[in-house]
Amino acid sequence: MCTLSLSGYMPVITVSHAQRFLLSGSRENGTIKVWNIRTGYELCSLTSHSSSITRLAISSDGQKLFVWSGDSTVEVWRI
């Protein structure tokens, strides 16, 4: 079992369809972190919106990440 420590990070979370990755979005600074679920290691950090992230979702084909922001915009990332 692996525990991810997200201290100081109020996350919005989604899991990839293959359940290999966990994506967390900050409600504070618009940052998205990608974690390896098996190892618990952070793989990368992405800068998204300039305001808080309110929702994350992955497309049914697993190819796109949708990121909603507190400024009522949505970004689409190819993953």
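Quick rundown of the values:
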item: Under 13 Å, Cβ to Cβ, from residue 31 - net charge with Lys/Arg +1 and Asp/Glu -1; result: -1
item: Per-bin percent of Cα-Cα distances, the chain [10 Å]; result: 20, 55, 24, 1
item: Stretch gain in nm, segment residue 72-residue 18, where the contour uses 0.36 nm per residue and the Cα spacing is subtracted; result: 16.6 nm
item: For residue 62, net neighbour charge (Lys/Arg +1, Asp/Glu -1) across residues whose Cβ lies under 12 Å away; result: +2
item: Percent RCO, i.e. relative contact order, over the chain, from Cα pairs under 8 Å lying at least 6 residues apart; result: 22
item: For the stretch 33-79, the Rg and Dmax computed from alpha carbons only, in angstrom; result: 11.6, 34
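Bear in mind that the values in this text are calculations on the coordinates, not laboratory data. The shown structure was predicted, so the numbers you read here are calculated from the model rather than taken from an experiment. Positions of Cβ are backbone-derived with ideal geometry, glycine not excepted, and every protein chain shown enters the neighbour counts.
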